[in-house]
Amino acid sequence: MSADDIEASKAPLIEHLAELRTRLMRSIIALSVGLIFCLYFQDEVVAFLSQPLLSIRPDAELLVLSPQEYFFTVINIGLWGGFFLAFPYIASQIWGFIAPGLYSNEKGAFLPFLVATPFLFVLGASLAYFVVIPLALDWLIGFAEGSEDIKVSSTYSVKQFLGFTKTLLFGFGVCFQLPVILSLLGRVGIITSEQLSSSRKYAIVGIAFAAMLLTPPDPISQLALGIPTYLLYEVSIHIVRMFEKKEQQRRKDLGLDDDDDDEDDL
């Protein structure tokens, strides 16, 4: 390769790196704006996250156990909230960077998954916020205070409680990404619907293990995460099977079959 060819290949690389830096800076600015917004409305954000507890214990108070606890807790919650608010813009920056390198059919394959990701995350987090967290708190607090021999008085650290809430919201949101991940893997041919169908028993074990790790040690929250996640696994099988049928029909319309692929490989 001549020196001119090397210089010519460097130019597109430098342009891509410059564009990547620009989009990263825009994403960081969007995250910063979201953080500032959450910090400005910190009281409302903390009240929102505390509502599941107050709905079952109206007289509950969140305690601060150290001078710096509330400050760092608010910063942590602000970062998570800022990322959540900025995610649509960050996702658009990611899409704007990778889309020019994709063919039109590849764009059609990836774009629906990019749109479905925040929707499913919100759906999972909403299930946790409105159903699972109140039920889990009611069971856990009742279990702690239900002893007749020992007097237990419940107190709630603001750091521990908001961390508990954030973990459940994030865990449910991530687990609800299962159809996106499996469907995308099926769309690019890494897995098949037959493989997913034959792996149901392993999926059940994996889902149960994930529910055990991501939820408190109570059967209510574990079942509330495990059952919808398994249903989403079944939905993923049907989505992957649908993609396979479309691909088979496309190949049939083009006059292609598996024998042609085998001949090409030879």
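The values are calculated or read from the model by the stated rules, or taken from the named source; none is laboratory data. Quick caveat: nothing in here was measured; it's all calculated off a predicted structure. Virtual Cβ from ideal backbone geometry, glycine too; neighbours counted across all protein chains shown.
Points to keep in mind about this one:
- Within segment 226-256, tally of residues that are of a type in the set (G, A, S) and within 19 Å of the chain's Cα centre (by Cα): 2
- Enumeration of residues in segment 70-84 that are at pLDDT 90 or above and not hydroxyl-bearing (S, T, Y): F71, F72, V74, I75, N76, I77, G78, L79, W80, G81, G82, F83
- Being in contact (Cβ under 8 Å) with a residue 12 or more places away in the chain, in a helix (DSSP H, G or I) and closer than 26 Å to T215 by Cβ is not true of L65.
- When the test is whether a residue is under 17 Å from the mean Cα position of the chain (by Cα), surrounded by 11 or more Cβ atoms within 10 Å (Cβ to Cβ) and at pLDDT below 90, L223 does not pass it.
- If you go through segment 160-197 and keep only what is touching a Pro at 6+ places or on another chain (Cβ under 9 Å), of a type in the set (F, W, Y) and either more than 30 Å from F72 (Cα to Cα) or in a helix (DSSP H, G or I) (or both), you end up with F164, F172.
- Every residue from segment 198-226 that is in a loop (DSSP other than H, G, I, E, B) and either more than 20 Å from Q160 (Cβ to Cβ) or polar (S, T, N, Q) (or both): S199, T215
Listed here are the residues, each with its yes/no results for (1) of a type in the set (G, A, S); (2) under 15 Å from the mean Cα position of the chain (by Cα); (3) at negative phi; (4) surrounded by fewer than 16 Cβ atoms within 10 Å (Cβ to Cβ).
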residue	(1), (2), (3), (4)
K159	no, no, yes, no
C175	no, yes, yes, no
L178	no, yes, yes, no
G186	yes, no, yes, no
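- Residue that is free of Cβ contacts under 8 Å to residues at least 40 places away in the same chain and surrounded by 14 or more Cβ atoms within 10 Å (Cβ to Cβ), where the choices are A91, A86: A91
- Members of segment 145-168 that are modelled with pLDDT under 80, within 23 Å of S66 (Cβ to Cβ) and of a type outside the set (V, I, T): S153, S154
- Any hit, segment 208-216, residues being aliphatic (A, V, I, L, M) and either touching a residue at least 60 places away in the same chain (Cβ under 8 Å) or over 18 Å from L169 (Cβ atoms) (or both): yes
- Residue match in segment 219-236 (condition: β-branched (V, I, T) and farther than 19 Å from L120 by Cα): yes
- Of the set (1) in contact with a helix residue (DSSP H, G or I) (Cβ under 8 Å, 6 or more places away or on another chain); (2) without any contact (Cβ under 8 Å) to a residue 40 or more places away in the chain, all apply to G101 but (1).
- Within segment 243-256, being under 19 Å from S193 (Cβ atoms) and either at pLDDT below 55 or not aromatic (F, W, Y) (or both) holds for E244, K245, K246, E247, Q248, Q249, R250, R251, K252.
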